[in-house]
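Report on the following structure.
Every number in this text was worked out from the coordinates using simple rules, so none of it is lab data. Values in this document were obtained by computation on a predicted structure and should not be read as measured data. So basically every Cβ, Gly included, is an ideal-geometry build from the backbone, and we count neighbours across all protein chains shown.
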Amino acid sequence: MKKICFVTTIYMTYKCFLKDLSKFLYESGEYDISLICNNEDGLLDDLPSFVHYFPIEMKRGVSLSAFGAIRNIEKILKEEDFDLVQYSTPNAAFYTSIAAKKAKVPVRLYCQWGIRYMGFEGWKRNLFKFLEKKTCDNSTFIEVESHNIRNFSIEEGLYLNNKSSVIWNGSASGVDLTKFDISKKELWRQEIRKQYGLEENDIVFVFAGRLTADKGVNELLEAFLNIQKENTNVRLFMLGGMDNAGSLAEGLFEQAKKTHNIIFTGSVENVEQYYAASDVFVAPSYREGFGLVVIEAESMGLPAIVSDVPGQIDAIVENKTGLSCIVKNSRSLQKSMEIMINDKELREKMGNESALYVENNYEQKKLFQYLKGHRDALISGGE
């Protein structure tokens, strides 16, 4: 039995990206699964019964509590004698890479799901680049979520080519096509549109993510508010909860909340149904490791507009399944949105291509087979 430990800062990361992989590895009969993360309300109610859980406090941001977290993680890793420890998210990855090296864990796998410093400048960029480099140095292998992030990292000198790889076509967890079931698209489309009083000829854009500046929310709201002046039948679903409200342009956000054409839903569990009710997915984020929400939307037959940043741009085939726009540029985003509004045939053609693209390249169970094979190989080879 191979012993693997997942480490994330918060449980939500495990739930969204690693829970299904854990189940796949456990059901193979070859893996014993553990998890280290912050203790949170409701965690034990959601955690699979086969997972051994070790709560460790890991505060977000830079904090002196890091020393205690590293010490506590090291103690667990020494006691449990894992074959492989896998870590992701900035704080958990940095702490665990140090702890795992000190504990002499034979396989220290850094799942690089993005690069935090890409959105920073000056001293802050230099600091977080240093931390990213240390995480990579302490790891025995880096499993990268997308080809553009890997290329960027190698060019930045974070690690060498032979210490990293992208598994299959990328993505941390692929798309569960039983949840994102395109055969139910018309049913869900009618139900959601009826719920919100949307007409069939309304052109609906949809965003999914944290409502924060880093996700490109300011640019999206500005672009849409301009678009609706000339197009009375456009709508925008904003799926997701507020995060760092101070980062949003106050006047812009207040204006957006007053227009009936923008629908703020908060976090929703049935995101696939909202995708079914929509016509175009929009993801103008400043930085992403890949773009899971993009391929999930594409799986429901939506064309996507994404910012041209490494990682996220990997989630579309340019001019085939979607369009790109210049990051942090509302005019560029508006132009791409207007192309979609004015060309129904293009929207539908790209949407059909999107569904096929995801089915052929990101089906979850097939990706999990590749991920398991990679972990098998790393463990059998050791360091």
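Annotations for the structure displayed:
- In sequence order, calculated HN-Hα J values of the stretch 115-131 (Karplus, 6.51, -1.76, 1.60; Hz; x Gly/Pro): 10, 4, 6, 4, x, 9, 9, x, 4, 5, 4, 4, 5, 6, 5, 4, 5
- Interchain or long-range residues, amide H under 5 Å from Val268's placed H: Gly240
- Taking the number of Cβ atoms within 10 Å of each Cβ as an exposure proxy, the fewest-first ranking of Met1, Met340, Met12 is Met1, Met12, Met340.
- Taking a ≥ b ≥ c as the square roots of the Cα gyration tensor eigenvalues, the stretch 40-97 comes out oblate, since a/c reaches at least 1.5 and a/b does not exceed b/c.
- Expected 222 nm ellipticity per residue - DSSP helices of 4 or more, -39500 (n - 2.57), all of the chain, to 500: -13000 deg cm²/dmol
- Among Pro310, Pro90, Pro55, residue whose mean-square fluctuation peaks in a GNM of the chain (springs only between Cα atoms under 10 Å): Pro55
- Within a Gaussian network of the chain (alpha carbon springs, distance under 10 Å), most fluctuating of Arg60, Arg210, Arg116: Arg60
- Normalised by residue number, the volume inside the convex hull of the Cα atoms of the stretch 182-361 is 104 Å³ per residue.
- Helix 217-227 vs. the chain, principal-axis angle (Cα, 0 to 90°, nearest 10): 10
- Cα-based helix-to-principal-axis angle, 66-80 vs the chain, degrees rounded to 10: 60
- Scanning residues 5 or more positions from Val317 or on other chains, those with amide H under 5 Å from its amide H are Gly322, with H placed 1.01 Å from N in the peptide plane.
- Burial ordering of Thr178, Thr259, Thr9, fewest other beta-carbon atoms within 10 Å first: Thr178, Thr259, Thr9
- Shown for Leu21, Leu44: other C-beta atoms within 10 Å of each C-beta, ranked fewest to most, produce the order Leu44, Leu21.
- Axis angle, to the nearest 10 degrees, between helix 185-195 and the longest C-alpha principal axis of the chain: 70 degrees.
- For the chain, built as a Gaussian network whose Cα springs stay under 10 Å, the top-fluctuating residue of Ser139, Ser173, Ser49: Ser49
- For the stretch 73-220, convex hull volume per residue from C-alpha positions, Å³: 182
- Ordering of 288-299, 357-368 by packing [mean C-beta count within 10 Å, highest first]: 288-299, 357-368
- Relative contact order, percent, the chain [alpha-carbon distance under 8 Å, six or more residues apart]: 15
- Shape analysis of the stretch 112-152 places it in the oblate category; the axes a ≥ b ≥ c from the Cα gyration tensor give an a/c of at least 1.5, with a/b not above b/c.
- Shape category assigned to the stretch 162-242 from the gyration tensor of Cα positions, a/c cut at 1.5: oblate
- Computed over the stretch 1-144: relative contact order in percent, which uses C-alpha pairs under 8 Å that are six or more apart: 23
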